[in-house]
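Here the structure is laid out as structure tokens; the discussion comes afterwards.
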Amino acid sequence: MVKTFEDKTGAEVTVSLNGSTQSYDIAVADGTVAGHAYFLPGPDPETERIFHHTVVDEQFGGRGLSKFLVAEALDDSRERGITVVPVCPLFVKKLQEAGDDYTAQGGKYRNATGADIDIVKSQA
């Protein structure tokens with residue numbers, strides 16, 4: 001999965017799934033990776049992802065990159081039939097604001113449980 005967008009500055013950025021780091025990565029036009037949205041497999045590892053941390057390098061701040069990361073991670077998870085478990089505050093906020101739309105489009109998510117937090121603490 002690789003998708004290309006234009007950020008707030010008009011520069012091209014790409015979001016891709018990086019299986020080796022269990023993250024969605026956003027890269028700027030020269031290929032520099034500017035940020036990540038990290039996830040871990042949930043209690044049902046085949047069908048759940050716990051999104052626990054999103055970070056964009058401060059030199060790329062103010063360009064809206066974290067919004068691209070969250071939106072694309074949610075879209076790709078929806079397309080794959082994966083239930084999103086938001087722990088990262090950016091994912092929590094996005095699903096609080098647009099969760100009804102997300103589920104109406106076929107996306108699935110659930111609130112994090114103590115077991116999910118334990119997974120993050122032990123693996124992140």
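The values are calculated or read from the model by the stated rules, or taken from the named source; none is laboratory data. Predicted model, so just to flag it, every value in this text is computed and none were measured. Reconstructed Cβ throughout: ideal geometry from the backbone, glycine too, with neighbour counts over all protein chains shown. Areas reflect the complete protein model, heavy atoms only, side chains present, ligands, DNA and RNA absent. Shrake-Rupley method; radii C 1.70, N 1.55, O 1.52, S 1.80 Å.
Taking the listed residues THR21, THR54, THR9, THR47, the one that is of a type in the set (Val, Ile, Thr), loosely packed, with under 13 Cβ neighbours inside 10 Å and under 30 Å from ALA115 (Cβ atoms) is THR21, with no other qualifying. Are there any pairs, at least 6 apart or on different chains, whose C-beta atoms fall under 7 Å, with the first in segment 1-20 and aliphatic (A, V, I, L, M) and the second open to solvent by 60 Å² or more (accessible area, probe 1.4 Å) and not in a strand (DSSP E or B), and if so, which? Note: pairs meeting the criteria are ALA11/ALA29; LEU17/MET1.
All conditions but one from (1) open to solvent by less than 40 Å² (accessible area, probe 1.4 Å); (2) within 26 Å of ASP116 (Cα to Cα); (3) without any contact (Cβ under 8 Å) to a residue 60 or more places away in the chain apply to GLN105; the one that does not is (1). For first residues located in segment 24-45 and more than 26 Å from TYR109 (Cα to Cα), partners that are polar (S, T, N, Q) and lie 6+ apart or on another chain with Cβ distances below 9 Å form the pairs ALA27/THR14; ALA27/SER16; VAL28/THR14; ALA29/THR14; GLY31/THR14; VAL33/ASN18; ALA34/GLN59. Let me spell it out: the conditions are (1) closer than 21 Å to SER20 by Cβ; (2) open to solvent by less than 20 Å² (accessible area, probe 1.4 Å), and GLY64 meets all of them except one. Which number is the exception? For GLY64, the failing item is (1).
Taking segment 47-63 as the range and being touching a Leu at 6+ places or on another chain (Cβ under 7 Å) and among the aliphatic types (A, V, I, L, M) as the test, the residues that pass are ILE50, VAL56.
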